[in-house]
Amino acid sequence: MNGLERARRGVRHLPMIAWLWLLWILLWGSVDLEVLLGGLAVALALVAAFPLPPALPRAVPRPLRIGALLVHLLTDLVRSGATAAWQALRHGPRTSAAIVEVELRVDSDLLITAVAELTTMTPGTLVAEIDRRRRLLYVHTLPVHDERDIHHRKSEVQMVERRVARAIGHGESFEGFDGIDGPSSRRKGG
Amino acid sequence: MNALNTARDAVTAVLLPAGAAFCLLGALGLLRFPDTGSRLHAAAKAQTLGLLLVLVGTAVQMPLRHAPVLLLVALFQLLTAPVTSQIIGRAAYRAQALDHRLLLRDELAERLEREGTPAYGQEREADEEDEGR
């Protein structure tokens, strides 16, 4: 029992070990025997010394959708860089912004982190405050001229969230997530 | 082989100036935007895009075994830039370094007021007192 438990815990750390090993090899830029063995030793030692809790239990990564997420990230990055640059050139000191509250449906540390990171990379939005417990993001948006812009930005953040949830979503908390209805319909009081 | 080199040079010739231009625009945004919040947009987005373009433009010129290291730089930039900008934005909000007149709407302040801990109320009262004297 004890041995089985330990083996299972070891398997959980495999991706992290593989990633650290790969990082080591890339940084050395060679595949000599010393580099390979040394990297493996360092990766194992690190994981043994600093074991991380499971980031996302019951995660179901979907490679195709993660790919789609990355493509979206790259196009968003270009668009958002261009938007910010254009705002700086065109409006500069007379720009107008807003801080909007966006309610999230995802409820795990990893997913909320991913949504916050990607939101910052989408055009015109920048996460300023995260309320983890109530699953709220406070997003600084720019430019904003009227209520329609605010609404538009909110739905953009929720689109990001939906994309993330589809890419690495898990289990029951995403039932009905593919639906078009906004998250307000599932609002929990307080 | 020659055609490949030309193509490579063309990619670099486009990406490097474009990346430099975005970095310049990011710096311009830092200068022209009025408060911390909007400056972060310039720093986090225009700058990141500029750096990525420069990195890709350089990577195509590098020998194959060094190029992945540049991609690692890009990856960690993408992972860390939003985190820093969020931390700075959060600190700026708490230190009241955001220009409130620029905000069309501030739902965080609305919530703080609802919960009885207004972010700006006290200072505003203090300002009014000063003006009254």
Assess whether A:Glu117 counts as being within 7 Å of another protein chain (Cβ to nearest Cβ), surrounded by fewer than 23 Cβ atoms within 10 Å (Cβ to Cβ) and either in contact with a Pro (Cβ under 8 Å, 6 or more places away or on another chain) or within 24 Å of B:Leu49 (Cβ to Cβ) (or both).
yes
Residues of the range B:55-110 being small (Gly, Ala, Ser), in contact (Cβ under 8 Å) with a residue 40 or more places away in the chain and farther than 17 Å from B:Ala43 by Cβ, in sequence order, are B:Gly57
Lone unmet requirement of (1) among the hydroxyl-bearing types (Ser, Thr, Tyr); (2) touching a Gly at 6+ places or on another chain (Cβ under 7 Å); (3) surrounded by fewer than 18 Cβ atoms within 10 Å (Cβ to Cβ) for A:Thr75
(2)
Matching residues in the range B:75-85 (in contact with a Ser or Thr (Cβ under 9 Å, 6 or more places away or on another chain) and more than 9 Å from B:Leu40 (Cβ to Cβ)) number 5
What are the residues in the range A:120-137 that are out of contact with any strand residue (DSSP E or B) (no Cβ under 9 Å at 6 or more places or on another chain) and surrounded by 17 or more Cβ atoms within 10 Å (Cβ to Cβ), if any?
A:Met121, A:Thr122, A:Pro123
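Yes/no matrix, rows are residues, columns are (1) in contact with a helix residue (DSSP H, G or I) (Cβ under 6 Å, 6 or more places away or on another chain); (2) of a type outside the set (A, V, I, L, M, F, W, C); (3) facing chain B (nearest Cβ under 9 Å):
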| position | (1), (2), (3) |
| --- | --- |
| A:Trp21 | yes, no, no |
| A:Gly29 | no, yes, yes |
| A:Asp32 | no, yes, no |
| A:Phe50 | no, no, no |
| A:Leu69 | yes, no, no |
| A:Ala84 | yes, no, yes |
| A:Arg90 | no, yes, no |
Out of B:Ala44, B:Ala10, B:Ala97, sole residue that is hydrophobic (A, V, I, L, M, F, W, C), within 11 Å of chain A (Cβ to nearest Cβ) and either over 11 Å from the mean Cα position of the chain (by Cα) or in a helix (DSSP H, G or I) (or both):
B:Ala44
Residues in the range A:21-33 that are over 17 Å from B:Leu70 (Cα atoms) and either surrounded by 14 or more Cβ atoms within 10 Å (Cβ to Cβ) or touching a residue at least 40 places away in the same chain (Cβ under 8 Å) (or both) total 1
Some residue of the range B:72-89 being of a type in the set (A, V, I, L, M, F, W, C) and either at pLDDT below 85 or touching a Lys or Arg at 6+ places or on another chain (Cβ under 8 Å) (or both):
no
In the range B:48-83, residue surrounded by the most Cβ atoms within 10 Å (Cβ to Cβ) [restricted to those that are at the interface with another protein chain (Cβ under 10 Å from one of its Cβ atoms) and among the β-branched types (Val, Ile, Thr)]:
B:Thr48
Counted residues, the range B:13-41 - those being surrounded by fewer than 17 Cβ atoms within 10 Å (Cβ to Cβ) and either more than 20 Å from the chain's Cα centre (by Cα) or acidic (Asp, Glu) (or both):
2
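The values are calculated or read from the model by the stated rules, or taken from the named source; none is laboratory data. Predicted model only: the values in this text are computed from it and were never measured. Here Cβ is always computed from backbone atoms with ideal geometry, including for glycine, and neighbour counts include all displayed protein chains.
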